[in-house]
Structure formats: structure tokens, C-alpha cells
Amino acid sequence: MEKLTVLLALMALDAGGAETHVISLAKQLKKRGVEVIVASHGGKLTEFLESNDIKHYTLPLDKKSPMALASSIKGLTAIVKKHKVDIIHAHARIPAWVSQWVSVLTGCPYITTSHGIYSTGWGMGLISAWGQKVIAVSEDVKKHLIAGFKVNPDKIFVIPNGIDLEQFDPSIDSSPVEKQLGLKHEDLKIVYISRLMGARGEIALRLIKALPQIKDSFPNVKLIVVGEGDKYESIAKMANQYNEKASENSVIVTGARLDTPQIMNMADVAVGVGRVALEAMAMEKPVIIAGEAGFMGILKPENFELAKKHNFSGRGSSMTTDSENIASAIKTLLSDEQLRKRLGSFGREEVAKYFSIESMTNQVLKIYYQLIEEEKNAHNR
């Protein structure tokens, strides 16, 4: 077929797993010769699109007011017509709902990616639209779509998020960032990168609460919290209180950063879920899965398949993410450097085997072409 044109629609382009995923997918699609267009409310990550010469349109795709939805439908419709878009790929529920109506108005097929477990409540159900084909990032997300939203299982494809192993390369130099943040190479560093909203932000607070227990055994430990969101102010306040009481800068709250590979490469222990866990594994870092859905603890060969099934979210575990569980897991890793190295090597191997960006992009492209061909055949009947 002629050159493929794809429109990727998402809520915004600030730091987050879905956002980083879209940036990685956009860059890979462009490498394959696809014309890629991205629409969102915008954010810090737009500069990655600009540096790769990928067009971005700003629309209120993060808002569900009637006026915003109407504006987004009008804007996406204009983009589809102007660029002769072949397929829309929506990420998150508001962009998916908007894409549904754009598809009706233009005839352009659309698919969605479900990045997690969503509320099935009546209000949110009204703005849930799943597309002609649906990508689920894990098996448990697929089951949730079937049970919670009655999505036809035949149109769901499980494709995990892909990680760019060239970007997340353990050989990159972190020393400039280390110096900028006032850290010493010999410090033991715990890194938590997340969108600091809701329950994800609460986990950062629990990490700070766990720090005194960790410092009793490891006085030179430092906690680096990266991200932004509605919990940022309370996290920064708690960090300042801790630092003042301890008379040292043990908790560093950076806000959103674009140099997350360099920051992750400083870590002796990474704490996180989902894509952040995969990025840490790619950087050969031992990972503690600590999520709002559950605490899986240290990621290791024995629990890897369970963690993978649940998209490294903590789902599937009966333990809760409290400060005691966090402190215990971190102390176990900090006390054994060889264990950290073994788990780091294991993690990178698993990411290369199952989660490479190249493999993910190949699978997504296959779905694009399959849907476009099905639409052509339907119109020719």
C-alpha cells in the first residue's frame, strides 16, 4: 500500500508510562517510513517529538467537558482530513471516545490501547469506547476489558509496552546529573520515578516514611523522587521536613525530568511499577514492585511471570505497599551487592527477550494493516 499515515491521540505529553510509550512508538513508526502525527493537550515531552520532526497538534484531549469534547472532535476530524490519515490510534479513554466520533464522521478506522485497569463505574462507562481493535498491555488488562466492559475477546491483542534498549543503556554517563543533584558516587541511591498523583504519590510518601528504618542500617542512603502531579507539594513538604530534622539532604524531589535514563542509571535500587519497572530492568537495576494495587516486593526469577502477567503493577499480590514492606525489601537489596548485580543482569535479559520496542512496533503495525485491509474489504462488498 501507499505510505501509511497514523494519528496517535493521547491526553497529554507530560511524564508518565502511556506518554513515554507513545513517544517511543512514534519514533519507531517514523523509522519504518510511517508518517506519524500526534495530538494531545501537550506537555514537556513534546520536545522529543519536535527533535524527531514529528508533527504535534494541541487539543483539549485531557478534558471531558462538553465544550472540550466538541473541540477535540472538530480538531481531530480536521487533522484526519488534512493529512489523509489511514488509522487513528488512541491512548486513554477520552481520546478513544473522541476518536470514535471522528471515525464515524470521516470513515477513518481507529484502535485503542488500554494501558491499565479502568473504573467500570456508570459515569466513566459513558466515555469508554474501545475501537475496532484493542491492544491490552498485559493479560490481566485483557481479562478486565472482557469482564468489566464486555469487549469482544476476538478483537483484543496483548502487546506489552516496548522499551528502547538504546535509550535505556546501562553504559550511559550519569555523573553530570549526579553532580547536579548534589549526590556522591558512593551514596546508596533509591530512585522512584512516577506520576505523583493519587495513590502513586502516596507511595512516594511511604518511601520517605520508610527512610529512617533504612538509614539505621545504611546511613549514606539517598532517596530520589522524580515526577509531578497533585501530590507533588505534599511530597516536597514531607521531604523538606525530613531533611531539616536529619540536618542533611537525604530526600531529593526533582519534579518532572526528561533525563530519566541518566537518573535511573544512578540507582542502586529502583522502586516502581509498569513501564518504569521495565525501564529500570533495561538499565540493569534491581526493581521493587510497589504499586497502589499491591506490593510484589523484589522482582526476581521466581515471581517474574506473575509480575509480567499483571504488567508489573503489584496486582496479583496479597501484600500491601506500606513503609515496613518497602523498608524490608530495600534493606535486603542494599545489603547484598552481588544480588543486585544478578537481578540487574536478569532484568535486562528479560526486557531484551520480551519487551523490545522493535518487537512491539512490529506487532502494532501488523494490527494497523490488518484493520485497514478489513475496512477496504468491507467497503468493496
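The values are calculated or read from the model by the stated rules, or taken from the named source; none is laboratory data. Just so you know, these numbers come straight off a predicted model, no measurement behind them. Cβ placement follows ideal geometry from the backbone for every residue including glycine, while neighbour counts extend to all protein chains displayed. Ligands, DNA and RNA are excluded from the accessible area calculation, which covers all protein heavy atoms including side chains. Shrake-Rupley method; radii C 1.70, N 1.55, O 1.52, S 1.80 Å.
Give me the residue from segment 230-251 that is basic (Lys, Arg) and under 27 Å from the mean Cα position of the chain (by Cα) and, out of that set, nearest to Ala210 (Cα to Cα).
Lys237
Could you check, for segment 182-201, whether at least one of its residues is of a type in the set (Lys, Arg), assigned to a helix (DSSP H, G or I) and surrounded by fewer than 18 Cβ atoms within 10 Å (Cβ to Cβ)?
no
Based on this model, can you work out whether Ser250 counts as in contact (Cβ under 8 Å) with a residue 40 or more places away in the chain and small (Gly, Ala, Ser)?
no
Being among the acidic types (Asp, Glu), assigned to a helix (DSSP H, G or I), more than 18 Å from the chain's Cα centre (by Cα) and at pLDDT below 95 narrows it down to one of Glu373, Glu358, so name that one.
The match here is Glu373.
Pull out all pairs, ordered by first then second residue, where Cβ-Cβ is under 8 Å, the residues are six or more apart or on different chains, the first lies in segment 304-316 and is farther than 16 Å from His115 by Cβ and open to solvent by less than 20 Å² (accessible area, probe 1.4 Å), and the second is part of a loop (DSSP other than H, G, I, E, B) and not charged (D, E, K, R).
Here the result reads Ala307/Leu299; Ala307/Gly316, each pair linking segment 304-316 to a residue that is part of a loop (DSSP other than H, G, I, E, B) and not charged (D, E, K, R).
Counting only residues that are out of contact with any Ser or Thr (no Cβ under 8 Å at 6 or more places or on another chain), assigned to a loop (DSSP other than H, G, I, E, B) and open to solvent by 30 Å² or more (accessible area, probe 1.4 Å), how many does segment 318-343 have?
Total meeting the criteria: 5.
Could you say whether any residue in segment 80-93 is on the phi > 0 side of the Ramachandran plot and either in a loop (DSSP other than H, G, I, E, B) or under 21 Å from the mean Cα position of the chain (by Cα) (or both)?
yes
Output yes when any residue across segment 80-93 is in contact with a His (Cβ under 9 Å, 6 or more places away or on another chain), hydrophobic (A, V, I, L, M, F, W, C), closer than 30 Å to Ala293 by Cα and open to solvent by less than 40 Å² (accessible area, probe 1.4 Å), and no when none is.
Yes; the residues of segment 80-93 include at least one that is in contact with a His (Cβ under 9 Å, 6 or more places away or on another chain), hydrophobic (A, V, I, L, M, F, W, C), closer than 30 Å to Ala293 by Cα and open to solvent by less than 40 Å² (accessible area, probe 1.4 Å).
Applying the selection to segment 148-170, what residues are modelled with pLDDT under 90 and not in a loop (DSSP other than H, G, I, E, B)?
Gly148, Phe149
Quickly run through segment 94-109 and pick out the residues that are open to solvent by 20 Å² or more (accessible area, probe 1.4 Å) and not polar (S, T, N, Q).
Selection gives Trp97, Trp101, Val104, Leu105, Gly107.
Here is a check on your reading of the model: is Met360 open to solvent by 20 Å² or more (accessible area, probe 1.4 Å) and either in contact with a Cys (Cβ under 9 Å, 6 or more places away or on another chain) or over 23 Å from Ser174 (Cα atoms) (or both)?
no
Considering only segment 232-245, I want to know if a residue exists there that is modelled with pLDDT under 95 and either assigned to a strand (DSSP E or B) or buried (at least 24 other Cβ atoms within 10 Å of the Cβ) (or both).
Looking for residues that are modelled with pLDDT under 95 and either assigned to a strand (DSSP E or B) or buried (at least 24 other Cβ atoms within 10 Å of the Cβ) (or both), one finds none in segment 232-245, hence no.
Do any residues in segment 328-357 that are more than 13 Å from Lys300 (Cα to Cα) have Cβ atoms under 6 Å from those of residues that are open to solvent by 20 Å² or more (accessible area, probe 1.4 Å) and assigned to a helix (DSSP H, G or I), where the two are at least six apart or on different chains, and which pairs are they?
Matching pairs, first to second residue: Lys331/Ser217.
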